[in-house]
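Notes for the one structure printed next.
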Amino acid sequence: MIAIIDYDAGNLKSVQKAFAALGQECIITGSHDEIRKADKVVLPGVGAFGQAMQQLKKYELDKVIYEVVGKNTPLLGICLGLQLLFSGSEESKGIEGLGILDGNILRLPKEEGLKIPHIGWNLLEFPRESRLFSDFQTGETRKKPYVYFVHSYYLKADDETIVTATTEYGVHIHASVEAGNVFACQFHPEKSSTAGLDILKRFAKL
């Protein structure tokens, strides 16, 4: 069972539909017990960093996320869900994130010809091997996929050894990370066509 954490941050149904298309049993839930019992947990999200953290704390879901990480249940952060795993964001200064991983969430720099927010398809590069991207990194089908982004802020991880995918949009973006049982993508795999479904399939099989 895959639990998709519901904390009123949107983007839940599309994630659920993507897993359903893969034949995976999943639920959208804010129940602490259901999240604890799940085999895998997904932290999705769209919107503002500060408001999202307030919602997690309001429902005490931050405590459950720490429990999930502590008992090595695979956790996948998507878009804002990735950003919340870090200590804070330039978007909401003074508001602490979950602090599970170390790094900074920075505003995309203004550059002529590039719109902010960044909305669209970008090519992923893979600086190191990852369990989520193994289908793109080995064998005859080796390829670099295009995936779909919607964001105004980006991750710069302190420890680059956890960075498993990068892209460029006026700046070098750490697009995905992996640290033990914690996985996260700045892009939306549930909106990234076949490539995105391949990534979610790998997560479901962990």
Original post:
Mean separation of Cα pairs under 8 Å and 6+ residues apart, divided by the residue count of the chain: what relative contact order is that in percent?
Top reply: 20
Subject >> Anchor Lys115: aspartates and glutamates whose Cα lies under 14 Å away (excluding residues fewer than 8 positions away in-chain) >> reply: Glu168
Subject >> Per residue accessible area of the chain, 1.4 Å probe, in Å² >> reply: 46
**OP:** With runs of 4+ DSSP H residues as the only contributors, calculate the mean residue ellipticity of the chain at 222 nm using -39,500 (n - 2.57) per run, divided by the residue total and rounded to the nearest 500.
**Re:** -7500 deg cm²/dmol
Subject >> Accessible surface of the chain [probe 1.4 Å, protein heavy atoms]: carbon and sulfur percent >> reply: 46
**OP:** List the lysines whose Cα lies under 27 Å from the Cα of Lys57, skipping any in the same chain that are fewer than 8 positions away.
**Re:** Lys13, Lys17, Lys37, Lys40, Lys71, Lys93, Lys156
Original post:
For the chain, what ratio Rg/Rh do Cα atoms give with a Kirkwood hydrodynamic radius?
Top reply: 0.93
Original post:
Cα-Cα pairs above 17 Å in the stretch 40-94: how many percent?
Top reply: 33
**OP:** Name the residues whose placed amide hydrogens come within less than 5 Å of the amide hydrogen of Ile28, ignoring near sequence neighbours (fewer than 5 apart) on the same chain.
**Re:** Ile4
**OP:** Please work out the Kirkwood hydrodynamic radius for the stretch 121-206, using every pair of different C-alpha atoms, and report it in angstroms with one decimal place.
**Re:** 13.0
Original post:
Rounded, prolate or oblate: which fits the stretch 1-63, taking a ≥ b ≥ c as square roots of the Cα gyration tensor eigenvalues, rounded meaning a/c under 1.5, else prolate when a/b beats b/c?
Top reply: oblate
Original post:
What order do you get for 68-77, 3-12 when each peptide is scored by the mean count of other beta carbon atoms within 10 Å, highest first?
Top reply: 3-12, 68-77
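The values are calculated or read from the model by the stated rules, or taken from the named source; none is laboratory data. As the structure is a computational prediction, the values presented were derived from the model and not from experiment. Glycine also receives a Cβ, built like all others from the backbone with ideal geometry; neighbour counts cover every protein chain displayed. We work out accessible area using only protein heavy atoms, side chains counted, and drop any ligands, DNA or RNA first. Shrake-Rupley method; radii C 1.70, N 1.55, O 1.52, S 1.80 Å.
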